[in-house]
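The values are calculated or read from the model by the stated rules, or taken from the named source; none is laboratory data. What you see is a predicted model; the values in this text were computed from it and never measured. Note that each Cβ is placed from the backbone with ideal geometry, even for glycine, and that neighbours are counted across all protein chains shown. Ligands, DNA and RNA are excluded from the accessible area calculation, which covers all protein heavy atoms including side chains. Shrake-Rupley method; radii C 1.70, N 1.55, O 1.52, S 1.80 Å.
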Amino acid sequence: MDLPADDEIAPGLSLALGADVSGAGAGLGAGAAAPPAVPYAFARDRGLLVEAVTAETVHVVRREGADALPLLELRRVFARPLALRQVPVAAFEKLLGEVYAVDGAAAAVAGDLALGSEGADFGLPSAEDLLDSADDAPAIRLINGLIAEALRQGVSDIHLEPYEQALVVRMRSDGVLAEKLRMPPHVAPVLVSRIKVMARLDIAERRLPQDGRMSLSLAGRLVDVRVSTLPSRAGERVVLRLLDKENAGLDLGDLGLDGDSRAIVARALAEPNGVILVTGPTGSGKTTTLYAALRLLNDGARNILTIEDPVEYAVDGVGQTQVNAKVGLSFAAGLRAILRQDPDVVMVGEIRDRETADIAVQAALTGHLVLSTVHTNDAVGAVTRLHDMGVESFLLASTLRAVVAQRLVRRLCPHCSLERPIDQPLADLLAIKPGRMVRDAVGCPSCDHTGYAGRIGVFEALRVDDEVRRMILEGASEQALARHAFAQAPRLAKSARRLVKDGLTSASEAARILRQEG
């Protein structure tokens with residue numbers, strides 16, 4: 001590529017890099033020891049990222065469509081030729097977030113706070129981009145560092161827990177909590193107040209629980225953060241739940257739903273009306289599955305409306321309403337209002353009571369496709385649960401189309417898992433031949449020494465055919481329904497066993513979700 005002449009450099013392109021960048025060994029790969037060689041704002045605004053610096057060449061990643069003029073400034077500052085690699089916009093934004101979310105940033109700021117920061121000035125405006133905050137106030141840098149590092153590591157929740165002797169920060173990754181930081185107790189009120197300001201909560205109210213949310217970005221990656229505060233003996237506990245909007249784009253195959261179970265769900269979604277339920281305990285990924293189903297239905301030809309508590313992911317083309325108990329907007333009230341909006345597809349975040357269940361069934365009877373969740377341990381348990389809520393058998397039999405039960409298990413790290421013979425107790429529980437070689441977790445730097453990286457769903461799907469309808473009408477037991485419904489389709493135990501045999505998860509992980517089922 002031809003570069004502009006040196007005298008064509010426009011004002012405002014000057015690159016303030018600090019001392020001696022000409023010898024910087026800036027590698028962008030995972031685990032790079034050196035900091036990025038150019039400031040974040042320059043890299044983001046100009047679409048240029050320094051990938052590596054050698055004695056002869058500067059390797060630069062260029063965003064597709066970026067202006068060539070700033071390349072001259074890079075060449076001038078580093079005083080050596082440039083080797084360019086052009087990538088699409090989405091790939092550049094992802095790389096930008098990975099490179100500038102520096103490991104240990106939060107821990108370093110925590111050290112600053114530990115040295116006595118009671119007198120520091122903690123007031124500041126909220127940063128639009130966590131990586132572009134120029135404010136050096138320790139509380140802000142700590143919060144931004146915590147959230148940025150959590151997003152980089154795929155953390156779902158950040159827990160700030162005050163005690164008499166310390167403020168403990170724990171993060172939930174792949175469903176498991178682990179302590180990340182421990183700070184002096186005087187830091188807690190400052191951080192809590194700052195988080196309340198960001199979430200637009202009442203900073204003067206410390207006696208009552210509060211809920212709020214805030215929207216943040218990390219190098220163009222949009223994230224919603226749900227904030228919950230709870231008074232405790234040593235101060236206010238805070239939980240930040242990170243809702244990555246990228247998860248709203250997952251499809252059913254990405255979740256691990258395949259084979260017979262996926263065919264059952266796809267067939268039910270093709271129906272013009274009826275009720276489709278997703279069941280499982282809290283944190284089993286039910287809402288993500290519903291969003292994946294909505295993604296299939298969201299073709300522009302349907303009016304899709306939802307009532308949720310809260311709205312977890314914003315989806316273009318879907319009308320989303322959040323429950324608000326303070327003004328009387330419950331699931332039932334919201335569902336009634338939605339049915340007056342001429343919907344084709346309705347998603348109800350959860351069926352919790354008889355009123356909501358009755359309205360959902362009536363909506364299905366009047367030609368709407370209704371998607372919702374119920375808290376039960378397995379698929380056939382949903383039938384009993386709706387019966388217990390007071391839904392008549394004949395209504396249930398005529399409207400129910402499919403029920404999906406699910407759990408989440410951690411995926412084995414692809415870099416460090418090893419084959420080992422399965423232990424006798426696990427073999428008995430999973431019905432696997434004792435001594436069979438299966439993959440097991442080990443732990444390495446890539447997976448933060450946990451042995452796992454990411455999660456995958458374990459599913460069972462009940463298809464409501466004519467025989468199941470007859471059994472529901474006759475009040476058949478759960479055992480009888482299960483025998484017929486799963487004569488061919490796999491149950492949770494069989495699906496978990498398949499993941500172990502395929503080397504996707506460990507035997508101990510599969511056993512954990514089966515014990516929950518029991």
Net charge around residue 258, counting only other residues with Cβ within less than 13 Å of its Cβ (Lys, Arg = +1; Asp, Glu = -1)? -3
Of the convex hull drawn through the C-alpha atoms of the stretch 465-518, the volume per residue in Å³ is 79
Where does the charge balance sit around residue 165 when Lys and Arg score +1, Asp and Glu -1, over other residues with C-beta under 15 Å from its C-beta? -1
Sites residue 83 and residue 337, calculated FRET efficiency, Cβ-Cβ separation with R0 60 Å, nearest 0.05: 0.50
How big is the gap, in Å, between the Cα center of the stretch 174-229 and the Cα center of the stretch 142-173? 9
If each residue of separation counts as 0.36 nm, what is the full-extension length gain between residue 67 and residue 465 once their alpha-carbon separation is subtracted? 137.3 nm
Would you calculate the separation in nanometres between label points at residue 165 and residue 480, each defined as 7 Å from the Cα along the Cα-to-beta-carbon direction? 6.0
Efficiency by 1/(1 + (r/R0)^6): what FRET value for residue 433 and residue 179, r their Cβ-Cβ distance, R0 = 56 Å, to the nearest 0.05? 0.90
Heavy atoms of residue 163: accessible area, 1.4 Å probe, square angstrom to 10: 100
Report the accessible area of residue 394, computed with a 1.4 Å probe over the heavy atoms of all protein chains in place, in Å² rounded to the nearest 10. 120
Computed E for residue 488/residue 76 - FRET, C-beta separation, R0 51 angstrom, nearest 0.05: 0.15
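So how much slack lies between residue 222 and residue 424, counting 0.36 nm per residue of separation and subtracting their Cα-Cα distance, in nm? All intermediate terms of the calculation are to be shown ahead of the outcome.
On the way: separation 202, 0.36 × 202 = 72.72 nm, distance 4.63 nm.
Extending this stretch completely gives an extra 68.1 nm.
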